[in-house]
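Here the structure comes first, spelled out in structure tokens, and everything after it is commentary.
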Amino acid sequence: MPAEIRVFRCLDDNIGALIHDPETGACAAIDAPEEKPIVAALAEAGWRLSDILVTHRHADHVQGIEALKARFGCRVVAPAKAAGEVPGMDETVRDGDTVRVGGLSAVVWDTPGHCRDHIAYWFAADGAVFAGDTLFTLGCGRVSESSYGEMWTSLSRLAALPDAARVYSGHDYTIANARFALAVDPDNAAVKARAAEAERAKAEGRFLIPSTIGTEKATNPFLRAGEPAVARSAGQEGRDPAAVFQALREWKNRF
Ligand SMILES: [Zn+2]
């Protein structure tokens, strides 16, 4: 049976996510931004938390762990590079490791860039990747601790997933990201349509998570750094995509 996934808001703009195995009843939270909405989402679905899979050590992704662990006795899996920096950590994982949630399984990918310890969880059989603060709908995370080149490599790895792969991000910055995408790629009809879709979703109290890799490759300026029109827009005509990516990310920081 396929995994069941729920997403919901936490804090101001974090996105909480639960993945549930209907066969075994196992259920993992991806990160733990805030206890209350996670407990509420579990209660609404009738699921019990067995695991927390941490994408990176930033406070807004781990601050709910201790309360959830006290309540559910769940296992906490976190990046080996964040050892000692994630509360309640039980197991550490690194690139290529497999994490099981009941009968579901995810491969761990190192995705440094937003921070040095960042990892993503790719549930291949379910076609879902939990990308944390690496890849957002129409955007990507800020780069700190790691180089722009490392972030570009991480994004390129995610972009190589199948087009149908669903992308679950750690934040909803879609409206701001859409404005930037339009500034970078003003003649791209797919970006215009996606920006309009984001505005509509917001008006209806929804958000565009998950996205898919195919949609992001067509609309996300950071995944389109190899497109001549995007390079031109970033003032990097003829440069390699990694350099275009850096110029775009620095532009977005000032945008
Ligand atoms: Zn973060």
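The values are calculated or read from the model by the stated rules, or taken from the named source; none is laboratory data. A quick note: this is a predicted structure, and the numbers were derived from the prediction, not measured. Here the Cβ is made from the backbone with ideal geometry for all residues, glycine too, and neighbour counts use every protein chain on show.
The one condition from (1) part of a helix (DSSP H, G or I); (2) touching a residue at least 12 places away in the same chain (Cβ under 8 Å) that residue 22 does not meet is (1). Can you find even one residue in segment 220-236 that is closer than 30 Å to residue 28 by Cβ and in a helix (DSSP H, G or I)? Yes. What about residue 193, is it aliphatic (A, V, I, L, M), loosely packed, with under 14 Cβ neighbours inside 10 Å and either without any contact (Cβ under 8 Å) to a residue 24 or more places away in the chain or within 21 Å of residue 159 (Cβ to Cβ) (or both)? Yes, satisfied. Considering only residues in segment 143-175 that are within 16 Å of the ligand (Cβ to nearest atom) and without any contact (Cβ under 8 Å) to a residue 40 or more places away in the chain, the one that is farthest from residue 237 (Cα to Cα) turns out to be 145.
Pairs needed: first member in segment 35-57, surrounded by 16 or more Cβ atoms within 10 Å (Cβ to Cβ); second member anywhere, among the aromatic types (Phe, Trp, Tyr); C-beta distance under 6 Å; at least 6 residues apart or different chains. Here the result reads 37/8; 41/8; 49/72; 53/121, each pair linking segment 35-57 to a residue that is among the aromatic types (Phe, Trp, Tyr). Residue 57 meets each of the listed conditions (1) within 18 Å of the chain's Cα centre (by Cα); (2) assigned to a strand (DSSP E or B) apart from (2).
Residue check: is residue 117 touching a strand residue (DSSP E or B) at 6+ places or on another chain (Cβ under 6 Å), assigned to a loop (DSSP other than H, G, I, E, B), modelled with pLDDT of 95 or more and crowded, with 22+ Cβ neighbours inside 10 Å? Yes; evaluated as a whole, the condition is true for this residue. Is at least one residue of segment 233-253 within 29 Å of residue 16 (Cβ to Cβ), modelled with pLDDT of 95 or more, within 16 Å of the ligand (Cβ to nearest atom) and surrounded by fewer than 22 Cβ atoms within 10 Å (Cβ to Cβ)? The answer is yes, given that some residue of segment 233-253 is within 29 Å of residue 16 (Cβ to Cβ), modelled with pLDDT of 95 or more, within 16 Å of the ligand (Cβ to nearest atom) and surrounded by fewer than 22 Cβ atoms within 10 Å (Cβ to Cβ).
Each row is one residue, and each column tells you yes or no for (1) in contact with a Ser or Thr (Cβ under 9 Å, 6 or more places away or on another chain); (2) closer than 29 Å to residue 176 by Cβ.
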site: 63; (1), (2): no, yes
site: 88; (1), (2): no, no
site: 92; (1), (2): no, no
site: 96; (1), (2): no, no
site: 102; (1), (2): yes, no
site: 105; (1), (2): yes, no
site: 141; (1), (2): yes, yes
site: 156; (1), (2): no, yes
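Looking only at residues that are charged (D, E, K, R) and within 14 Å of residue 79 (Cα to Cα) in segment 100-116, which one is farthest from the ligand (Cβ to nearest atom)? Only one residue tops the list, namely 110. Does segment 65-76 include one or more residues that are part of a helix (DSSP H, G or I), surrounded by 15 or more Cβ atoms within 10 Å (Cβ to Cβ) and in contact with a Lys or Arg (Cβ under 8 Å, 6 or more places away or on another chain)? Scanning segment 65-76 turns up at least one residue that is part of a helix (DSSP H, G or I), surrounded by 15 or more Cβ atoms within 10 Å (Cβ to Cβ) and in contact with a Lys or Arg (Cβ under 8 Å, 6 or more places away or on another chain).
Of everything in segment 96-114 that is under 15 Å from the mean Cα position of the chain (by Cα) and in a loop (DSSP other than H, G, I, E, B), the residue that is surrounded by the most Cβ atoms within 10 Å (Cβ to Cβ) is 111.
Among the residues of segment 130-179, those identified as hydrophobic (A, V, I, L, M, F, W, C), in a helix (DSSP H, G or I) and over 25 Å from residue 240 (Cβ atoms) are 175, 176, 178.
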